[in-house]
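The block underneath contains the structure these notes are about, expressed in structure tokens.
The values are calculated or read from the model by the stated rules, or taken from the named source; none is laboratory data. In this text the structure is predicted, and so the values were computed from the model without any measurement. FYI the Cβ positions are ideal-geometry reconstructions off the backbone, even for glycines, and counts take in every protein chain you see. For accessibility, only protein heavy atoms count, side chains too; no ligands or nucleic acids. Shrake-Rupley method; radii C 1.70, N 1.55, O 1.52, S 1.80 Å.
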Amino acid sequence: MILFIKLLLAHLLGDFIWQPNSWVIDKEAKKYKSGYFYLHILLHGILAAILAGEIRFIPYAVLIAVLHGIIDLIKLYFQTQKTKRTWFVVDQVAHLLVLIGVVFLYENKTVDLLWFGSQFWILLTGVLLLTKPTSIFIKIIISIWSPENQDNHDEDSLAKAGNYIGILERLFVFCFILTGHFEAIGFLLAAKSVFRFGDLKVAKDRKLTEYVLIGTLISFGTAIVTALIVQALLLQLL
């Protein structure tokens with residue numbers, strides 16, 4: 001585990017802290033012809049070797065550097081202005097998977113498939129249920145109430161912000177319950193009330209306020225019920 005932490009630190013230093021924006025711009029423009037591209041790869045290899053702190057890790061550091069360069073090159077050639085965010089996520093996930101793979105390879109370990117047991121599938125199902133499926137469920141339920149000026153209100157909001165806020169709040173509630181921090185749910189609800197319902201009060205729209213309140217309560221309620229069911233199922237496995 002400590003080796004992975006060290007390699008992750010090396011990755012953070014090489015990809016974010018010690019990589020100036022000028023390097024990124026030059027790499028995006030020149031691709032593999034950029035000198036900064038190879039300097040970036042070299043930096044990752046050196047950081048991995050130094051932080052690992054073992055001579056015999058040097059070949060693995062070279063492997064990390066080479067794979068890092070390949071992943072970056074794929075991103076540079078396939079990303080567009082519209083898909084930059086998507087490729088950033090894919091790029092970082094790929095780098096993390098490489099680090100995990102190198103750790104397992106270096107320490108001569110194998111993946112314990114038993115980890116993907118009943119507990120994993122119960123947790124995964126609960127988490128996925130609270131994302132898009134619950135958003136669709138809530139949207140269908142509250143669709144019978146549609147404030148007349150809802151469209152005008154949405155014009156002042158970020159695209160799909162409400163949907164993402166709902167997903168995040170449900171996942172927070174889910175984690176709070178499973179970790180036994182029920183009091184944090186009240187804090188989360190209070191924080192949302194301050195920001196969300198403060199704006200609605202200024203708008204002086206009672207229908208819209210009730211509409212948002214219903215959606216919020218259904219969202220929190222669904223998260224609480226799901227978390228309690230998951231918790232009960234997990235306890236049965238003990």
Looking at region 73-89 only, could you name the residues that are in contact with a helix residue (DSSP H, G or I) (Cβ under 7 Å, 6 or more places away or on another chain) and either surrounded by 12 or more Cβ atoms within 10 Å (Cβ to Cβ) or of a type in the set (D, E, K, R) (or both)?
73, 75, 76, 79, 87
Looking at this structure, is residue 42 open to solvent by 70 Å² or more (accessible area, probe 1.4 Å) and under 22 Å from the mean Cα position of the chain (by Cα)?
no
How many residues of region 138-153 are modelled with pLDDT under 75, surrounded by 13 or more Cβ atoms within 10 Å (Cβ to Cβ) and part of a helix (DSSP H, G or I)? The answer is 2
Select from region 9-18 the residues that are part of a helix (DSSP H, G or I) and open to solvent by 50 Å² or more (accessible area, probe 1.4 Å) and list them in ascending order.
9, 12, 16, 17
Restricting attention to region 1-22, does a residue exist that is under 20 Å from residue 84 (Cα atoms), of a type in the set (A, V, I, L, M) and without any contact (Cβ under 8 Å) to a residue 60 or more places away in the chain?
yes
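With 222, 125 as the choices, which residue is part of a helix (DSSP H, G or I), farther than 24 Å from residue 238 by Cα and either open to solvent by less than 70 Å² (accessible area, probe 1.4 Å) or modelled with pLDDT of 90 or more (or both)?
222
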Would you be able to say whether some residue in region 171-193 is at pLDDT below 75 and out of contact with any helix residue (DSSP H, G or I) (no Cβ under 6 Å at 6 or more places or on another chain)?
yes
Of the residues 42, 47, which single one is touching a helix residue (DSSP H, G or I) at 6+ places or on another chain (Cβ under 9 Å), modelled with pLDDT of 95 or more and farther than 26 Å from residue 1 by Cβ?
42
Would you pick out the residues in region 51-76 that are of a type in the set (A, V, I, L, M) and touching a residue at least 24 places away in the same chain (Cβ under 8 Å)?
51, 52, 63, 64, 65, 66, 67, 71, 73, 76
